[in-house]
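None of the figures in this text is laboratory data; all of them are computed from the coordinates on show. Just so it is clear, the structure is predicted and the values come from calculations on it, not from any experiment. No Cβ is skipped: glycine too gets one built from the backbone with ideal geometry, and neighbour counts run over all protein chains shown.
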Amino acid sequence: METTVYEDQAKALIAEMKQLIEAKGINNGNALEEAGLSQEIVDKIFKGEQLPSLSEFLALCQISGISFQLPTVETPNTPM
């Protein structure tokens, strides 16, 4: 199965998150539970078997200490 550039970038970022979590010695079980993630899902994400959903991605950012801010979008109904 062919992957897109975005999938390749996501997998590279996930690999970096995994390294940060391991380097910090974070107990995956407790950190995952606090973030609302299951060990099974995170194992699949870290093995490259599945890409995380947005909420899973943000939880992994929090656990690994990566600051990530979603951009704001202005629409015609949004006051400027």
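Structural remarks
- Distance between modelled label sites at residue 58 and residue 11, nm, 7 Å Cα→Cβ extension: 2.6
- Tail fraction, Cα-Cα pairs, the chain, threshold 14 Å, whole percent: 65
- Between residue 19 and residue 74, the modelled label-to-label distance comes to 3.8 nm, taking each label 7 Å out from Cα in the direction of the beta carbon.
- A helix-only calculation puts the chain at -18000 deg cm²/dmol for mean residue ellipticity at 222 nm, using -39500 (n - 2.57) for each DSSP H run of at least four residues, averaged over all residues.
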